[in-house]
Amino acid sequence: MLAGGSGMIDAMRDNPANLDLRSGSDARRPKARTPNPRGVAIVVFDGVGLFELGVACDIFGSNDMTELGAPWYELSICGAAAAPVSADGGLVMHVPFDLPRVLRSATIVVPPTSHLERVPAEAFAMLRRAHARGCRIISLCTGAFVLAEAGLLNGRRATTHWSECDDLARRYPGVSVDPSVLYVDEGDILTSAGSAASIDLCLHVVRLDYGAEVATQLARQLVVPPQRDGGQAQFIDSPMPALESSNLFSDTVAWAQDHLHEPLTINDMADRSAMSPRTFARRFVAATGTTPHQWLQRQRVHLAQRLLEVTDLPIDLVAARSGFCTAGNLRKHFGRIVHTSPQAYRRTFQDRKSA
């Protein structure tokens, strides 16, 4: 379990007064109220994956995140019936809320289940209904099969664990399955690859909702890398820790992150690692799933995001301090990666802070 695992237990204990939600009629009667914008509902079924469930509970259900500057998410764990749910490791657990609870939340998380055939038709209908009401729906790992079975991925790009991508594409030909990425953000529907990519996608959602600074602080508390973007490769030749024993590659990455404002080149990073540029580039891709140039540009954009969120620096100074030199260069790369302008991004987080 990740750091802060008490969030999962506390979330299950919260709101004992809401036991009246266990009403079958709720599933048929539309809710008049607007979904809570900070509400997150995790939907669990028999065979639920404990790792992904723990990730979602830790990130969205932590109770000590107000120190990061904003009220945190409000988590509910929902099931298709009042009966206990059997997890993939044999653990049997109580589920506090029935499915209609999801309509009170703006975000729904679907962890994987090893028993897709046991997911009731009511669950698929509830997911479709929630999506039609404007809920954001997230699947973790093979939870994408639940979304596909509900028809929510038709005509969309999606991903799942690399070993299951062929099966997903075969069973649901209307889905554009991308086996090469960590996660796919389609706006209202987001899908992640295998287990560790669930952390990446959940942190990406936090980044969307609260900004890069908060997401980075949360990642630090969870002792995980703060930024692994969706476009990185699912399958890499060797994980980053395998290179740490030499203190060459990892030291270079840390050094580069401290010098993003300088005119760094790939040759500079290769020299720092005592490698030829060709060898450095090859080993970097094998270790991270992305090229040194792409990594450097994204790190600079992430730094620019944090500066836009927590400072009032003019755009040209943000560009200089994040290594883009000019405001025009910042706008070009920022728009390509974040899909908005630096000015619009800053206004978004200024509006959230004043709300």
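What the table below lists for this structure:
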| read-out | value |
| --- | --- |
| Alpha-carbon Rg/Rh ratio, for the range 287-352, with Rh computed the Kirkwood way | 0.98 |
| Fewest-first ranking of C202, C165, using other Cβ atoms within 10 Å as the exposure measure | C165, C202 |
| Net length gained if the chain between R331 and H261 were fully extended (0.36 nm per residue, minus Cα distance) | 23.6 nm |
| Whole-number percent relative contact order across the range 53-185, with pairs defined as alpha carbons under 8 Å at least 6 apart | 16 |
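The numbers here are math on the coordinates, done by the rules we state, and not lab data. Here the structure is a predicted model, which means the values were calculated and not measured. All Cβ positions, glycine included, derive from the backbone under ideal geometry; neighbour counts span all protein chains shown.
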